[in-house]
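First comes the structure, then the notes that go with it.
What follows is calculated from the coordinates using simple rules that are stated; it is not laboratory data. The model shown is predicted, which means the values in this text are computed figures rather than measured ones. Positions of Cβ are generated from backbone atoms using ideal geometry, with glycine treated the same way; all protein chains shown enter the neighbour counts.
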């Protein structure tokens, strides 16, 4: 198997000789796939699938892997320099955000951009956030590679998400005067993103990280309509800005005592431990990772887009038709399904009688035309002579 030589037997040295190499490789593979999936969210409603698959191979090889090598390989320049990035604040989150920014700029805005759109399904937003929240604690906790510090990382992840959700909720309330569930979910995700890098901080510091990340992201979302790109899923606002905030604040709140609780990690700490030079290292890391992600992504797209039949954007007719139907031949909700053709039979609890609901009664869809009540033809009365 390509890329899996010598990963089926002995424990991994990087994993403190306690985890099988194949398990460690699986975790890294999942992280890479997550970053790519997040970044492509910026192409919503106008991107083609085929060229994206080709893009993913070259993007992972030329963008994602080099950045991770810089920070996690003992020979990487960021690793040797002492940059602190525990769970991928730059290598995952900022990389995804800047990749999404380059992608959205390259393919242009959606048809009808500027029209205010509401979430398609708020309960699904809440469900997805819940799954992310739960899974993120496992993802962050696994980064400690099976030691006691994993518990600290998990509680920090939870607290940052709570703080981020509440901050985003309150900041939206001051504008709309509504307690938005979607706003809370967005803020929680910002907190989860920001806490990826600071795996060396205490619980109280994680709350501060969540608050700052959600606040910065909220301001970015508020001004997105004035920006020259169309990021429908707020990939840049949610992942790039929050990831950068988390990496920068790591330079302030990183603690030697927290890092050494696993028994083998040794760091100089951040500004809280009077390590004043850590901040410029973190800033340089953000600049290098973000710039590399954006520039190389854009260059890859320029090359692939010039290949015949590999245009990244669908034509205008397909965009009007819908990406789901055009690219995959499937839709989430088929308009000619049973529920649209035939209204359900309901039971009147008071009378115990069955009657037809008026669902779709006035719909203009062809499948509902037969359900429309037929008006009796008017009969003209004979005129009296």
Practice item. Decide, for the range 145-246, between rounded, prolate and oblate: order the square roots of the alpha carbon gyration tensor eigenvalues as a ≥ b ≥ c, take rounded if a/c falls under 1.5, and otherwise choose prolate if a/b is larger than b/c, else oblate. Key: prolate
Exercise for review: Take every Cα pair under 8 Å in the range 80-213 that's 6+ residues apart, average their separations, divide by the length, and report that relative contact order as a whole percent.
Suggested key: 32
Exercise for review: Using a 10 Å cut-off on Cβ atoms, rank the peptides 236-242, 225-231, 40-46, 278-284 from the highest mean neighbour count down.
Suggested key: 236-242, 40-46, 278-284, 225-231
Practice item. With the Cα gyration tensor of the range 98-139 in hand, give its eigenvalues times 5 under a square root as the equivalent ellipsoid semi-axes, listed largest first in whole angstrom. Key: 28, 19, 5
Review point. Can you give me the relative contact order of the range 219-295 as a percent, contacts being Cα pairs under 8 Å and 6 or more apart?
Key: 23
Check your understanding: How high is the FRET efficiency from residue 224 to residue 81, r the C-beta distance, R0 35 Å, rounded to 0.05?
Key -> 0.55
Practice item. Please report how far the C-alpha centroid of the range 193-229 lies from that of the range 252-316, rounded to the nearest whole angstrom. Key: 15
